[in-house]
Each structure stands twice: as C-alpha cells, then as structure tokens.
1. Which residues, taken from the stretch 195-254, are among the polar types (S, T, N, Q) and either touching a residue at least 60 places away in the same chain (Cβ under 8 Å) or closer than 14 Å to A171 by Cα (or both)?
2. Which one of G261, G242 is modelled with pLDDT under 95, of a type outside the set (D, E) and surrounded by fewer than 23 Cβ atoms within 10 Å (Cβ to Cβ)?
3. Which number in (1) within 21 Å of the chain's Cα centre (by Cα); (2) assigned to a helix (DSSP H, G or I) marks the one condition that L164 misses?
4. In contact with a strand residue (DSSP E or B) (Cβ under 7 Å, 6 or more places away or on another chain), assigned by TED's automatic domain parsing to the domain that holds I106 and either free of Cβ contacts under 8 Å to residues at least 24 places away in the same chain or surrounded by fewer than 17 Cβ atoms within 10 Å (Cβ to Cβ) (or both): is that true of S14 in this structure?
5. Of the residues S238, S221, only one is assigned by TED's automatic domain parsing to the domain that holds R195, under 23 Å from V192 (Cα atoms) and under 16 Å from the mean Cα position of the chain (by Cα); which?
6. Hey, among the residues in the stretch 50-75 that are touching a helix residue (DSSP H, G or I) at 6+ places or on another chain (Cβ under 9 Å) and of a type in the set (S, T, N, Q), which one's modelled with the lowest pLDDT?
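The values are calculated or read from the model by the stated rules, or taken from the named source; none is laboratory data. Please read these numbers as outputs of a predicted model, since none were measured by experiment. As a convention, Cβ positions derive from the backbone with ideal geometry for all residues, glycine included, and neighbour counts pool all protein chains shown.
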Amino acid sequence: MTATGAANDVRRLSADGVAQVVDLLETDFGASPRREAAEQHQFLLESLDRGDHERFSVWPVDAPLGLVYANAAGTVVPAGSPAAAPSLVDVLDRCDWRILIGSLDIGTALLEASGRGGSGPTGRTLFRRRVNAREQRFMSVRDAAVPGALGRPHGLRRGELGDLERITELAGRLHVEDRMGPPIGRSGRMAVRRRMHDTVTGGHSWVVERDGVVVAKVDVSLRSASRGAQIAGVYVDSEHRGQGIAAGAVAAIAADVLCQGLPVVTLHVRADNAQARAAYVRAGFVDRAGWILVLR
C-alpha cells in the first residue's frame, strides 16, 4: 500500500491489499453474516472485482477498520466501523465529492466527525456547501420465484433510443421528486441525457408503455455475474400511479435477472417513501439495513 496521508495512517489501497479488503467487506468487517454483508457492499465489491482498487483508502493500514471509495464523478462510499470515521474524514476533505452513500452507522459517524460543516482533521472546512442528508433503506431479493409471482406488467420492454427524450424527462422529474435538488437546467439536462443514452444503449434501461406513451422507467445500475444486480431510477408518471406499475416492473426485471443465475437484486429507497417501500415489498424485496445518502 502506498501512503497518501500519514497523519492518520490512511493509505491508498494497492493490489496486494485487495484480498484482505474483499474479505472484510464480505463479512462487513466482522459485523454481519457473509451473504448479507456481500449484498450490502455489492457496489464496492464489484469495483474491486474490476480492479478499481486505487479509488479505495483504508484505515489503519495493517488491520483496516474502515474505508472510503471515491470516484471521479464525485461519489464517495464509506464502509466499516464508525470508529474509523474521525480518521477517514480527511479523505473526504481532499476530494470534491457531491454524493456520499453508504452504511448508516459509518455514514452518520462521518457527518458527526466533520461537525456537519466544521473542520476536518487538517483544519480545512470539510463541507464547503450545505449538505442534505437522509436515511435510506437497503432492500434485496434472492429467490427468482418470489418476484415472478407478481406477474409481468403490460407494456414492459427494454428502452430504445426512440424513447431517449421521454426517459430523460422522467429522470428529470425523479431528480426533483426524490429531493435530489431543484429542477435541472439546460446543461444539467444534457448531462442526464448523456447518462440515459449510455444506459439505453447498454441495455440497462426498461420502460412501461401504455397507449403508445412511455409512462414509467427503471434502470439497472449495476450488473455482475458474481455480485448480482442493482435497480435504480424507478419512476412512474403521476397520472399512472396507483396501478401497480412500479411493483410489477421491478418484480419482472428482478425475476429476469435472478433466472439468469445472478445471486441477488438490490435497491435503495428513501426511508420516508412509504409508497415506494410498499411497492418493493410487493415485488418481493426484503428490508435488510439502514443506509444514508448525503448530497451537497
């Protein structure tokens, strides 16, 4: 491992430390059964499987108690013991992050260690912009027969390039309704459109069409043969809610993925979004753990 900040013995993860960190994540640093822990840390484990270890910082170096993943898009993901938070705060201090998402305990501890806008261990202001933190629930389904029992909704199909403008519009509405920020401006919409274009062309976007109009969208944001898949970006047009579209679409997509042999399908949902949580329960998902999402 190569030193990046000796003050708190925080080190950048190198190839020779990957196996140890994989084992720690697969057991949630010894706090959870292996299967449940591997599901919760699905994103981090898939990143390590891809060889993306250089985006991980761990503390302490010899026997890590916690880590932070930080990518170029401004997303950071912590994992491990809350006791690691005071040391790992410095990692956040050094990167211009926009989104923090991770296990509730260490995520909350990082906010507390920062003083919610105070100074990190280096004395620099950690949160230069106002943060918006909310609790989420982590949910998963493992049995292909469970979501399949709900039935496939009429009009569910893969998204196509001809749907791109409508999918982008629905993604913009989701951004506002899910309290991710104010309505997206022109430049922001172009960025969303590019992201949706990549999702559609990659075969990871699904839509529900009724009477020739796309009324709902669902994305598969992660797909790994060994780690499973993650569903994201679920949105139903307001005029078509209450018809079971979200539950049916999510259930059908999850069933397809599980029938292909992937071990699990996961998702995150706002803890206070009772309607969405109920829909996912109907789709066969089980509430597994608390997570935190912080935006700035």
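1. Within the stretch 195-254, T199, S205, S221, S224, S226, Q230, S238 meet the criteria.
2. G242
3. (1)
4. So S14 passes the test.
5. S221
6. So the residue we want is N71.
Residue-by-condition table, conditions (1) touching a helix residue (DSSP H, G or I) at 6+ places or on another chain (Cβ under 7 Å); (2) more than 23 Å from F285 (Cα to Cα); (3) in a loop (DSSP other than H, G, I, E, B):
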position	(1), (2), (3)
F138	yes, no, no
P153	yes, no, yes
P183	yes, yes, yes
T199	no, yes, no
W206	yes, no, no
V218	yes, no, no
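A quick yes/no check of all residues on (1) assigned by TED's automatic domain parsing to the domain that holds A38; (2) modelled with pLDDT of 95 or more:
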site: S114; (1), (2): yes, no
site: T125; (1), (2): yes, no
site: A144; (1), (2): no, no
site: E160; (1), (2): no, yes
site: T168; (1), (2): no, yes
site: R179; (1), (2): no, no
site: R189; (1), (2): no, no
